[in-house]
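To keep things clear, I will list the structure first and then write my remarks on it.
Please treat every number below as a calculation from the coordinates, not as lab data. This is a predicted model, so every value here is computed, not measured. Using ideal geometry, Cβ is built from the backbone for each residue, glycine included, and neighbour counts are taken over all protein chains shown.
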Amino acid sequence: MFAFNFNKIIMPIFHGKAALIEFLNSVKTSNSTIGFVPTMGALHQGHLSLMQQSLAENNNTVVSIFVNPTQFNNPEDLKKYPRTLEKDTQKIFSLDTNIIIYAPSVDDIYEGKVASEDFDFDGLENQMEGKFRPGHFNGVGTIVKRLFEIVSPTNAYFGKKDFQQLQIVKKMVRKNHLDVNIIGCEIFRESNGLAMSSRNERLSVPEREQASIIYQTLVEAKEKFKTHSCNEVKDWVTEVFNSNTIFDLEYFEIADEETLTTCTEQSKDKNYRAFIAVFVNNIRLIDTISLK
Ligand code: PAF
């Protein structure tokens with residue numbers, strides 16, 4: 001265990017799973033709960049809101065900070081991913097000094113074999129992000145399963161910005177009979193509507209301002225969905241981005257929230273959601289909105 005000394009208050013940061021497990025066993029009682037917030041660091045208000053929810057709902061809260069190599073299909077993206085452990089621990093500390101931080105090394109997680117497990121997520125993995133980021137969800141499934149095995153949380157908190165990831169984690173938990181509740185939390189947005197993301201840090205000031213187009217387009221798409229077909233809405237969004245010189249649309253999809261299959265014809269008994277991914281200056285941003 002490494003003790004981080006910040007203004008004379010000591011908070012524990014664990015870099016090794018053995019010490020973390022021993023510590024959690026020592027604080028756990030027969031009916032106490034552990035809330036868990038897995039992150040890749042570069043923390044923002046969205047992450048902190050997940051931690052707040054966990055603090056409010058559990059006896060202990062564990063936050064992991066680990067940039068997971070197996071979920072990056074683009075080596076450049078992995079290299080550039082911000083690693084800001086000291087800043088992150090300060091943010092967590094400002095929120096609550098009782099949060100238990102697990103910031104493992106790649107070796108502590110992968111024990112010399114950095115590879116993903118092969119999962120079957122019943123097709124959820126083949127839609128949207130899965131089409132554009134091959135292997136990404138096997139990497140996510142692998143790390144989340146390992147972290148669950150280490151932390152043994154009662155409740156685990158995930159943001160709805162990565163809605164496909166949320167559904168995939170739920171599926172992985174059900175298929176592997178893991179004893180953990182998966183809680184999806186609302187998206188935290190900047191004042192211009194841009195969904196909070198660690199990647200926003202890489203945007204220039206004008207790009208960050210102009211990125212409001214993503215959420216604005218989703219809100220308008222939601223309005224149009226009341227009176228237009230799925231394909232008409234999709235064509236409209238494509239047109240919006242065709243006439244924008246800064247943002248390149250990678251995909252816009254309207255899909256069933258449960259199966260994530262693309263909507264071809266609206267059905268009354270399904271809940272639909274719009275999903276979008278855009279590039280600006282090689283930075284990839286995603287967002288989503290419920291169409292209910
Ligand atoms: O959403 C993320 O930050 C990551 O995909 C997660 C869940 C922490 C797994 O590495």
Volume per residue of the C-alpha convex hull in the range 158-291, rounded to whole Å³
117
Could you work out how much longer the chain between SER290 and GLN266 gets when fully extended? Use 0.36 nm per residue separation minus the Cα distance between them, nm to one decimal.
7.2 nm
For the range 200-209, just list the computed ³J(HN,Hα) in residue order, Karplus coefficients 6.51, -1.76 and 1.60, θ = phi - 60°, integers in Hz, with x standing in for Gly and Pro.
4, 4, 8, 7, 6, 4, x, 4, 5, 5
Spacing of the two label points (7 Å from each Cα toward its C-beta) at ASN73 and ASN98, in nm:
4.2
Roughly how large, in nm² to one decimal, is the mean projection of the convex hull of the alpha-carbon atoms in the range 1-155?
10.0
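Quote the Stokes-Einstein diffusion coefficient, in whole µm² s⁻¹, for the range 51-127, based on the Kirkwood radius over alpha carbon pairs, a temperature of 4 °C and a viscosity of 1.567 mPa s.
Numbers: Rh = 15.1 Å.
Using the Kirkwood radius from Cα pairs, D works out to 86 µm²/s.
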Counting other C-beta atoms within 10 Å, and keeping those with at most 11, which DSSP coil trypsin sites (Lys or Arg not before Pro) do you find in the range 233-281?
LYS268
Calculate one ³J(HN,Hα) per residue across the range 109-120 by plugging θ = phi - 60° into the Karplus curve 6.51 cos²θ - 1.76 cosθ + 1.60, and present them in order as whole Hz with x for glycine and proline.
7, 9, 6, x, 10, 7, 8, 8, 6, 9, 10, 10
Tell me, what ³J(HN,Hα) does each residue in the range 46-53 have, in order and in whole Hz, if you take phi through Karplus 6.51 cos²θ - 1.76 cosθ + 1.60 with θ = phi - 60° and put x for Gly and Pro?
x, 4, 5, 5, 5, 5, 4, 5
The long-range amide H neighbours of ASN73, using H built 1.01 Å from N in the peptide plane and a cut-off of under 5 Å, are none
Taking N as the number of residues in the chain, what is its Cα Rg relative to 2.2 N^0.38 Å?
1.03
Tell me the trypsin sites (Lys or Arg not before Pro) within the range 75-163 that lie in a loop according to DSSP and have at most 15 other beta-carbon atoms within 10 Å.
ARG83, LYS113
Given a Förster distance of 30 Å, the FRET efficiency implied by the Cβ-Cβ spacing of GLN90 and GLU209, rounded to the nearest 0.05, works out to 0.65
Top positive-direction residue, dipole computed over the chain with Cβ charges, set ASN68, MET51, THR39:
MET51
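Considering only DSSP states other than H, G, I, E and B, which GluC sites (Glu not before Pro) in the range 32-130 qualify as loop sites with at most 14 other Cβ atoms within 10 Å? Each step should come with its number before you reach the end.
Details: sites: GLU57, GLU76, GLU86, GLU111, GLU117, GLU125, GLU129; in loops: GLU111, GLU117.
Of the GluC sites (Glu not before Pro), the ones in loops of the range 32-130 whose Cβ has at most 14 other Cβ atoms within 10 Å are GLU111, GLU117.
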